[in-house]
Amino acid sequence: MKSVFAYQDYRVFLQDYFDEMKSRKLLSWRIFAKQAGFSSPSYLKLVCQGKTNLSNAGINQVAVALDLKSVELDYFKILVNFNQAKNAEEKQKYLNQMGNLAQSKKVKVLNEIMYAFFSSWLNPVIREMVPRVSSTRPSEIARRFVSEVSAEEVKSTLQFLTKNNFLVKTPDGHYEQVERTLASQNRDITATVLRSFHRQMSELAVESLEKSSIDERHFSELFVDLSKEGYHKVLNEIIEFRRKIQDIATQDQELNRIYSLNMQLFPLTHKNTSSPKQKQLRSEKTKKNA
């Protein structure tokens, strides 16, 4: 069975462990629960199904049943707390702990590289830029940025991208992307990591208001009143629009400059709890009193 470090969801890890042990006729949910010290024979099955959570005591009980020790135990505890975190701040805290554990204990954690990749906006930008530039000297690349970027930062970024197989250096000194697109296996971790990345890009967008001329950037706002159904229709249109933009960029072979296209759709007000009929009655009452 795979190591616990290969998992980004502790429930999947528990289910895989159970399935493997069951296939060897060594385990049932009743036995598994008993080994972990739980009175309910179906408790761990409910945990795996996401219908209940592990308590702090429960985490230790399950770890004993799985014979997790040392750094594996530490990672398992962090992973459970991450998966069960109730808000973005908590998730970010435990994600940071995963990264610190991987670094201090010299262990390979599946999400570690992705976490590092999105920790700096330079990583995806340089990954996209360098395969299409004539000079890959860090000082030359650094001069291309609107924001202040040093040659040392570019050099460090290139080392990270090549070391972790985002880029490969060709014999002539240029770079090629190993994979055209990037994907993550865990949407929950991706969302947590990307929050920090989106903040960085938002700061760069504000900076561009001063550093880029109006004919080189486009900012616009649209305020609309949407139902839940309308929101999802707009979301689908945004997804389709992004696909079209990606197709245009893929077919455009002559590199001029790297752009960031940020599409934001977020609520400015709380939900209106009144029904359409109530709103109509209030409107008719207002007209009558006028």
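The values are calculated or read from the model by the stated rules, or taken from the named source; none is laboratory data. In this text, all values refer to a predicted model and were calculated from it rather than measured experimentally. Neighbour counts run over all protein chains shown; Cβ positions are idealised from the backbone, glycine included. Surface areas here come from the heavy atoms of the whole protein model, side chains and all, with no ligands, DNA or RNA. Shrake-Rupley method; radii C 1.70, N 1.55, O 1.52, S 1.80 Å.
Within the stretch 149-190, being acidic (Asp, Glu) and modelled with pLDDT under 90 holds for Asp172, Glu179, Asp188.
Here is a yes/no grid of residues against (1) open to solvent by less than 20 Å² (accessible area, probe 1.4 Å); (2) in contact with a Phe, Trp or Tyr (Cβ under 9 Å, 6 or more places away or on another chain):
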site	(1), (2)
Phe18	yes, yes
Leu26	no, no
Ala33	yes, yes
Lys45	no, yes
Phe82	yes, yes
Leu101	yes, yes
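What tally of residues in the stretch 50-74 results from selecting those that are closer than 16 Å to Asp16 by Cβ and in contact (Cβ under 8 Å) with a residue 12 or more places away in the chain?
Summing the residues that are closer than 16 Å to Asp16 by Cβ and in contact (Cβ under 8 Å) with a residue 12 or more places away in the chain in the stretch 50-74 gives 7.
To keep it simple, each residue is scored yes or no on (1) farther than 30 Å from Asn256 by Cα; (2) free of Cβ contacts under 8 Å to residues at least 40 places away in the same chain.
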site: Asn81; (1), (2): yes, yes
site: Glu89; (1), (2): yes, yes
site: Leu95; (1), (2): yes, no
site: Gln103; (1), (2): yes, yes
site: Ala116; (1), (2): no, no
site: Thr136; (1), (2): no, yes
site: Glu148; (1), (2): no, yes
site: Ala151; (1), (2): no, yes
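Here is the figure for the stretch 234-248: residues that are open to solvent by 100 Å² or more (accessible area, probe 1.4 Å) and either in contact with a Cys (Cβ under 9 Å, 6 or more places away or on another chain) or within 30 Å of Val130 (Cβ to Cβ) (or both) total 4. Applying the condition of being among the aliphatic types (A, V, I, L, M) and open to solvent by less than 80 Å² (accessible area, probe 1.4 Å) to the stretch 249-265 and asking which residue is farthest from Val146 (Cα to Cα) yields Leu265. Restricting the stretch 203-233 to residues that are in a helix (DSSP H, G or I) and over 26 Å from the mean Cα position of the chain (by Cα) leaves a set whose member that is surrounded by the most Cβ atoms within 10 Å (Cβ to Cβ) is Lys211. So which residues in the stretch 22-58 are hydrophobic (A, V, I, L, M, F, W, C) and farther than 19 Å from Phe76 by Cα, if there are any at all? Those that are hydrophobic (A, V, I, L, M, F, W, C) and farther than 19 Å from Phe76 by Cα: Leu26, Leu27, Trp29, Ile31.
Beta carbons closer than 7 Å, at least 6 apart along the sequence or on distinct chains, pair a first residue in the stretch 212-233 that is over 14 Å from Leu265 (Cβ atoms) with a second that is modelled with pLDDT of 85 or more and in a helix (DSSP H, G or I) for Arg217/Ser208.
The residues listed here are Glu90, Glu112; of these, the one that is at pLDDT below 90, surrounded by 15 or more Cβ atoms within 10 Å (Cβ to Cβ), on the phi < 0 side of the Ramachandran plot and acidic (Asp, Glu) is Glu112. Evaluating Val168 against the criteria (1) in a loop (DSSP other than H, G, I, E, B); (2) farther than 21 Å from Arg257 by Cα leaves one unmet condition, (1).
Being outside any helix (DSSP H, G or I) and modelled with pLDDT under 85 is the filter; apply it to the stretch 115-132 and report the residue that is nearest to Glu152 (Cα to Cα).
Keep residues of the stretch 115-132 that are outside any helix (DSSP H, G or I), which gives 118-121.
Keeping just the survivors that are modelled with pLDDT under 85 gives 118-119.
On the way: Phe118: 19, Ser119: 17 Å.
Ranking the candidates gives Ser119 first.
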